[in-house]
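Peer 1: Once you've had a glance at the structure underneath, I'll fire off some questions.
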Amino acid sequence: MFESLSQRLSSVFDKLTGRGALSEADVTEALREVRVALLEADVALPVVKDFVARVKARAIGQEVVKSVSPGQMVVKIVHDELIATLGTEGVELNLNAVPPAVILMVGLQGSGKTTTSGKLAVRLKKERKKVLLASLDVYRPAAQQQLEILAGQADVGSLPIIMGEMPVAITKRALEMGRKEGYDVVILDTAGRLHIDQELMAEVAAVRDVAKPVETLLVADAMIGQDAVTLAHEFNEKVGVTGIVLTRVDGDSRGGAALSMRAVTGRPIKFLGQGEKLDALEVFHPDRIAGRILG
Ligand code: GDP
């Protein structure tokens, strides 16, 4: 997903690495190009500014002047800061709770929450966990049935649907079934809206208070671009996010949302959605992604 950014950065770096001493003007010019490349990769502006400022502070200081190959040094600084922005390591799910551990899936409508719930269920089942899926989406017609079908495909438990029941009541019933029937994990798939609205946030917060999730995963389309900052900030502020899942990474060549969302929330990106199938979920590895960005 970072192909175009990667190409841009390598052309910037090619100009630097072949040279000896670098002046402050050379570094400034290179960073201007890094800035454009990141913006073109759809990284949000405040995140780009902060990133470039950090690289510049290090690049113009002692490190570059004293190094044998200043160009290489700048490349290394950009690489290090990129990893620092993406997070330092792949972070697995936290299921540390008296069973059932609750995973709350949040995000906008169409972001891939329901599909990702199914993917996580498949993944956890492979780890020999007993998983229960429950849909709290009482607004979108057939949303609950969609999750029920996915549960069937994943061969995991599904909370029986009671038409007309509201999200908090469904949550209580899911927890009760989870406890009574010895489930290890309950995945709650919340309703999304087309835009962030306060009613949605209040409802998700009410569910969170009842469910006490160990993980609240913000699911976002990798194509979200500049809106990533508002989305990540709002959800983190109102419901508290523990991790991020970026979906449709298979269809995106830019990937700037990864940097933006991690930077805004300080929460790790845990998984990448790589397709519509239930096995198309990858653990996120920042170092590998940074390597891809830099080519
Ligand atoms: P929700 O409204 O957030 O629950 O979104 P859905 O899970 O229903 O997903 C919306 C659409 O996106 C569906 O057609 C999914 O098959 C598709 N989708 C979800 N995740 C991915 C992904 O990682 N890659 C691709 N290509 N499609 C995805």
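The values are calculated or read from the model by the stated rules, or taken from the named source; none is laboratory data. Quick caveat, the model's predicted, so the values are computed rather than measured. Using ideal geometry, Cβ is built from the backbone for each residue, glycine included, and neighbour counts are taken over all protein chains shown. Heavy atoms of the whole protein, side chains included, go into the accessibility calculation; ligands, DNA and RNA do not. Shrake-Rupley method; radii C 1.70, N 1.55, O 1.52, S 1.80 Å.
Peer 1: Could you identify the single residue in 217, 246, 231, 259 that is touching a Lys or Arg at 6+ places or on another chain (Cβ under 9 Å) and surrounded by 20 or more Cβ atoms within 10 Å (Cβ to Cβ)?
Peer 2: Being touching a Lys or Arg at 6+ places or on another chain (Cβ under 9 Å) and surrounded by 20 or more Cβ atoms within 10 Å (Cβ to Cβ) holds for just one of 217, 246, 231, 259, which is 217.
Peer 1: Could you list all residues from region 198-231 that are farther than 26 Å from residue 176 by Cβ and not in a helix (DSSP H, G or I)?
Peer 2: Within region 198-231, 218, 220, 221 meet the criteria.
Peer 1: Looking at region 140-160, which of its residues are of a type in the set (A, V, I, L, M) and over 13 Å from residue 188 (Cα atoms)?
Peer 2: Of everything in region 140-160, those that are of a type in the set (A, V, I, L, M) and over 13 Å from residue 188 (Cα atoms) turn out to be 142, 149, 150, 154, 156.
Peer 1: Can I ask one more? Do we have any residue at all in region 173-190 that's buried (at least 19 other Cβ atoms within 10 Å of the Cβ), of a type in the set (Phe, Trp, Tyr) and assigned to a loop (DSSP other than H, G, I, E, B)?
Peer 2: Checked against the condition, which is being buried (at least 19 other Cβ atoms within 10 Å of the Cβ), of a type in the set (Phe, Trp, Tyr) and assigned to a loop (DSSP other than H, G, I, E, B), region 173-190 yields at least one hit.
Peer 1: Filter region 75-124 for residues that are charged (D, E, K, R) and closer than 18 Å to residue 236 by Cα and give the result.
Peer 2: Correct list: 113 only.
Peer 1: Can you name the number of the only condition in (1) among the basic types (Lys, Arg); (2) within 16 Å of the ligand (Cβ to nearest atom); (3) part of a helix (DSSP H, G or I) that residue 140 fails?
Peer 2: It is condition (3) that residue 140 fails.
Peer 1: Within region 72-88, can you find the residues that are of a type in the set (S, T, N, Q) and assigned to a helix (DSSP H, G or I)?
Peer 2: 72, 85
Peer 1: So which residues in region 88-114 are of a type outside the set (A, V, I, L, M), more than 16 Å from the ligand (Cβ to nearest atom) and surrounded by fewer than 24 Cβ atoms within 10 Å (Cβ to Cβ), if there are any at all?
Peer 2: 88, 89, 90, 92, 94, 96, 99
Peer 1: Another question, then. Residues of region 136-153 being open to solvent by 10 Å² or more (accessible area, probe 1.4 Å) and among the small types (Gly, Ala, Ser), which ones?
Peer 2: Once the filter is applied, which keeps residues that are open to solvent by 10 Å² or more (accessible area, probe 1.4 Å) and among the small types (Gly, Ala, Ser), region 136-153 yields 142, 152.
Peer 1: Within region 232-241, identify whether any single residue is within 16 Å of the ligand (Cβ to nearest atom), within 18 Å of residue 81 (Cβ to Cβ), in contact with a Phe, Trp or Tyr (Cβ under 6 Å, 6 or more places away or on another chain) and outside any helix (DSSP H, G or I), and answer yes or no.
Peer 2: no
Peer 1: Report whether or not residue 211 is more than 24 Å from residue 81 (Cα to Cα) and touching a Pro at 6+ places or on another chain (Cβ under 9 Å). I'd like the intermediate steps shown before the answer.
Peer 2: Details: more than 24 Å from residue 81 (Cα to Cα): yes; touching a Pro at 6+ places or on another chain (Cβ under 9 Å): no.
Against the criterion (more than 24 Å from residue 81 (Cα to Cα) and touching a Pro at 6+ places or on another chain (Cβ under 9 Å)), residue 211 does not qualify.
Peer 1: Additional query: Specify the residue that is nearest to residue 38 (Cα to Cα); the eligible residues are those in region 242-276 that are in a loop (DSSP other than H, G, I, E, B) and of a type outside the set (D, E, K, R).
Peer 2: Taking the candidates together, the pick is 255.
Peer 1: Only residues that are of a type outside the set (Ser, Thr, Tyr) and either within 16 Å of the ligand (Cβ to nearest atom) or crowded, with 24+ Cβ neighbours inside 10 Å (or both): list them for region 115-131, please.
Peer 2: Once the filter is applied, which keeps residues that are of a type outside the set (Ser, Thr, Tyr) and either within 16 Å of the ligand (Cβ to nearest atom) or crowded, with 24+ Cβ neighbours inside 10 Å (or both), region 115-131 yields 118, 119, 120, 121, 122, 123, 131.
Peer 1: May I pose another question? At pLDDT below 95 and either open to solvent by less than 10 Å² (accessible area, probe 1.4 Å) or within 16 Å of the ligand (Cβ to nearest atom) (or both): is that true of residue 194 in this structure?
Peer 2: Criteria met by residue 194.
Peer 1: Could you please find all residues in region 104-130 being outside any helix (DSSP H, G or I), closer than 24 Å to residue 203 by Cα and of a type outside the set (Gly, Ala, Ser)? Break it down into steps so the answer makes sense when it comes.
Peer 2: Just the residues of region 104-130 that are outside any helix (DSSP H, G or I), to begin with: 104-112, 127-130.
Pick out the ones that are also closer than 24 Å to residue 203 by Cα and you get 104-112.
Correct list: 104, 105, 106, 108, 109.
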